[in-house]
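Step one of this worksheet: look at the structure below.
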Protein chains: 2
Amino acid sequence: MGALDEGHFAGELENGVKLGSSELDLKDESETTLEIEDAVKILLQGLEEDSNREGLKKTPLRVAKALREGTRGYRQKVKDIVQGALFPEAGLDSGVGQAGGVGGLVVVRDLDLFSYCESCLLPFKVQCHVGYVPSGQQVLGLSKLSRVADVFAKRLQDPQRLADEVCSALQNGIKPAGVAVVLECWHIRFPEIGQSCPDLSHQPTKMGMQGWVRTLVYSGSGVLENENGDVWGDFIALLKFRGVNVEKNHNRTSANQCWCPSRSLDVPVSNGHTSTRNCCKVSSKTGPSHPAMVSAVSAIIRSLGEDPSRKELVGTPHRFVQWLRNFKKSTLEIKLNGSNSAKPIMHNENGNASCNHDEIHSELNIPLWSQCEHHLLPFHGVVHIGYFHASGDKLIERSNLESIVHFYGCKLQVQERLTRQIAETVSSVFGVEVIVVVEAHHICMISRGIEKVGSSTATIAVLGRFSTEPAAKAMFLQSVSDGPASGDR
Amino acid sequence: MGALDEGHFAGELENGVKLGSSELDLKDESETTLEIEDAVKILLQGLEEDSNREGLKKTPLRVAKALREGTRGYRQKVKDIVQGALFPEAGLDSGVGQAGGVGGLVVVRDLDLFSYCESCLLPFKVQCHVGYVPSGQQVLGLSKLSRVADVFAKRLQDPQRLADEVCSALQNGIKPAGVAVVLECWHIRFPEIGQSCPDLSHQPTKMGMQGWVRTLVYSGSGVLENENGDVWGDFIALLKFRGVNVEKNHNRTSANQCWCPSRSLDVPVSNGHTSTRNCCKVSSKTGPSHPAMVSAVSAIIRSLGEDPSRKELVGTPHRFVQWLRNFKKSTLEIKLNGSNSAKPIMHNENGNASCNHDEIHSELNIPLWSQCEHHLLPFHGVVHIGYFHASGDKLIERSNLESIVHFYGCKLQVQERLTRQIAETVSSVFGVEVIVVVEAHHICMISRGIEKVGSSTATIAVLGRFSTEPAAKAMFLQSVSDGPASGDR
């Protein structure tokens, strides 16, 4: 599979830091942090936000720290990690075979990592599986396979390059008989920038990993270079025990081409760079190319130790700005289709459970995408809305509730405020007593600092009788439990 | 539920460090590390290991660093974490209800943590769910709920105390209307120290979390203090969405009494301390109380900033030594029941798949418990063994294979060596060509440093025709895939 390229990684192992196309000084932390902070302030201004308001005051510092931490791989040395972690381990005493320090395949599976997409600067989730075949009667401490993978994950990356770099670094760092790396990668897809520009009302309720773009890449070297070889077959068999299916005939090139959802929006522009086109519903949010914001993102990339002129990064500032501007502060009135007019629902649409007990109606699993104002990172999940209605009255159209959720999602937010705003708007627009539950995964909880991969946050807002009648609230919560689970839960 | 005790936690929030019953100076890192290193060397000597052999040379340093890191909560300040992370967030604009910064419940679910059992010093896994009800138009940054929980998890703990401390620290630190904490905790159970002293041959193949001791504890304060209250009901309902079942009528006291499996082995001794009794099969490994080792463990506890005379810690050094001595270096010959005599298997025992294609027999999911020599921490999982046998020949009794796995597990190990040793022994004792696959979860990969909760390691050893005939190896690996999955996979 040709990932092994000693020359390419000699620099890596010598200096420990992979440099871009030009040699970049690694500035000290406080200087870099200040540069990124300044750039983030420009981005907030570009979104017409007041960067002095309480929720945003420390956002530049938080983003700078998180980005520094999330790209610490530029400052880490593979040599330091594997040094002292190679242990002498005898092979078989006698007889024909492979085991121990000689030829007995070692595989570490299901390592959860996060990386940053070099095309759009959003984090992507990686499930990493690494195998190697010991030689020279030496084995590597198991955690080092994870640590080496993380050095390259904590950079601006593309899945295939990440797999190749991890593979080559291990091959050169520990000189085994062979190395294999399989990565399953998931990239968040925003409704705003999705190629097919999905109408949310047609989106199924499964908005978890199912809503993400998935790609599978692999890389091998030495006795694991040939994917038709026996050792590769053993490696894949051991992954299969864990339910990892490595599709045969996987076409790496085509997978890369459509990997980042934002790439599909690129249109060539005259200066040879790429620009992005927009397919958002709220098209008034987009405008010209916002040169100050684009320059600010270039400055961030440079501060991280990367070269913004590296060909894979050329369009990145444009794409990041394009994505960010979906969350531009907006005072647009919500355009509700037929607001205040409701029609009777004849059947359960979109697989949602409706319950008419005590005249409470539940609309479950309305998809949500939003942007955390503390970290400038997405959070996504589902919204459940319940309201009282008089028997025989028309129900609120689900698409109207979806529009409200979408509108309040499309700004810099915190989940608690979002929950309240949805409740207040549903109440005032439709004149109902309402309960709103939001369940969301926060990328900032997953990709940064605490790295709590499986965590999710639930918030409740209650208005009117839902706050005074515990039985009504309990009945609604039960309807959520009984309803179809969303992929986001 | 009475966890709130302002007085008790005033010290915590003032000084940030919870002190034991006496004030202990927090020594600087290098001094502490050296003290722990010296103590670990004494433990290795007590196990009759050569602490200068390659695999163990750096074990004292690794253990010291990992323990320092794993108990960093003693040196962290809750105040530093919540400070600056409280954001003004308006409540509802009008109307009766709760939302936003006033009374709208906020719950963060499924936070994976690790803590250290104060009874035996082994890590235990925690799934943490934290909720609070904002007041004063303030909300806490979501990640802080996890960070505060981690401050207390990274100490020597008991589940109920951990829940109470997290609850009280949040109540006092952010002054909300109420806080609730639910913890699901799992403690590793060793065959050697299990109360029922299970015969491995009667053990089912499900040795994953099913083999662990589970307890569920909770704590509440303010409006969440009363578990019959409405808000508590909302909190539990939101956990139920994630499949968390909080049993009603849960008896905390009895759960605590039998929580740590090593506690059940305690017998009172004359000096008022507790001693431990042993129910191991390899009883020759146990002996007197090993005062040097016990003192070394007391020294470690003191170095971490704890008071070894705190009543919950009094028996801990004994228990840790007791557990460690299960892995004492041993040159005992394996006593195989009827070794070299095999009986025909009339049916698939223990739910294992047997395949006779090409005369390969597979024994799957043999339970494994062992001890990582690099970190002095357990690894556990399953072993799959395949061997060629002539048609009509008797098969090797499963209990004999289990004994071999058990014998090689009961020492300071690395998985690669263990895999080879099992293969060599099966081959030499029974005169067969053999393939061995070991799949294991390493606590050192989960609880320390890299914290890769879901990761697992697979290793292969092949002897004779399994190394020269790829088809034979592939056939065996397929039989593992087709066989019943173990709880450890």
Calculated label separations, residue B:393, copies of the chain, 7 Å along the beta-carbon direction, nm
8.0
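Using only atoms on other chains, find how many Cβ atoms lie within 10 Å of each Cβ of peptide B:83-89 and report the average.
Numbers: counts 0, 3, 3, 1, 10, 3, 6.
The mean count of partner-chain Cβ atoms within 10 Å per residue comes to 4.
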Projected label distance in nm at residue B:314 and residue A:468, using a 7 Å step from Cα toward the beta-carbon
5.7 nm
What is the Cα coordinate range of segment A:349-482 on the first, second and third principal axes, sorted by size from largest, in whole angstrom?
50, 30, 26
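What does the average come to when, for each residue of peptide A:66-75, you count the partner chain Cβ atoms lying within 10 Å of its Cβ? All intermediate terms of the calculation are to be shown ahead of the outcome.
Details: counts 0, 0, 0, 0, 0, 0, 0, 0, 0, 0.
If you average over the peptide's residues, the count of other-chain Cβ atoms is 0.
Out of the DSSP beta bridges found with both residues in segment B:349-482, what percent are antiparallel (nearest 5)?
Values: 26 of 28 bridges.
Looking only at bridges with both residues in segment B:349-482, the antiparallel portion is about 95 percent.
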One decimal, nm, nearest first: from residue A:72 to the same residue in each other copy, label points 7 Å out along Cα→Cβ, the values are 0.8
Using a 1.4 Å probe on the protein heavy atoms only, what accessible surface does residue B:475 show? Give it in Å² to the nearest 10.
60 Å²
Just counting partner chain Cβ atoms within 10 Å, what average do the residues of peptide B:417-423 show around their Cβ?
5
How much of residue B:218 can a 1.4 Å solvent probe reach, expressed as accessible area in Å² and rounded to 10?
10 Å²
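Using only protein heavy atoms and a 1.4 Å probe, how much accessible area in total is buried between A and B, to the nearest 100 Å²?
Result for this pair: about 6500 Å² buried.
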Vicinal HN-Hα couplings computed from phi for segment A:77-90 (Karplus, 6.51 cos²θ - 1.76 cosθ + 1.60; Hz; Gly/Pro x)
10, 4, 4, 4, 6, 7, 4, x, 10, 9, 10, x, 8, 4
Could you compute how much accessible surface residue A:425 exposes when probed at 1.4 Å, giving the result in Å² to the nearest 10?
10 Å²
Can you give the local net charge around residue A:366? Use residues other than it whose beta-carbon is closer than 10 angstrom to its beta-carbon, Lys and Arg +1, Asp and Glu -1.
-1
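Evaluate E = 1/(1 + (r/R0)^6) for residue A:245 and residue A:77, where r is the Cβ-Cβ distance and R0 equals 51 Å; express this FRET efficiency to the nearest 0.05. Write out the running numbers ahead of the final one.
Details: r = 35 Å, r/R0 = 0.68.
Plugging the Cβ-Cβ distance into 1/(1 + (r/R0)^6) gives 0.90.
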May I ask which of A:41/A:65; A:473/B:175; B:57/B:411; A:65/B:144 have a Cα-Cα span longer than 18 Å here?
A:473/B:175
Ignoring ligands, DNA and RNA, what accessible area per residue does segment B:69-183 give at 1.4 Å, in Å²?
23 Å²
Once the label point is placed 7 Å from Cα along Cβ, list for residue B:291 the distances to the corresponding points in the other copies, in nm, shortest first.
8.3
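The values are calculated or read from the model by the stated rules, or taken from the named source; none is laboratory data. Nothing here was measured: the structure is a model prediction, and the numbers come from that model. Note: ideal-geometry Cβ built from the backbone for every residue, glycine included; neighbour counts use all protein chains shown. Note: accessible area is taken over every heavy atom of the protein model, side chains too, but ligands, DNA and RNA are not part of it. Shrake-Rupley method; radii C 1.70, N 1.55, O 1.52, S 1.80 Å.
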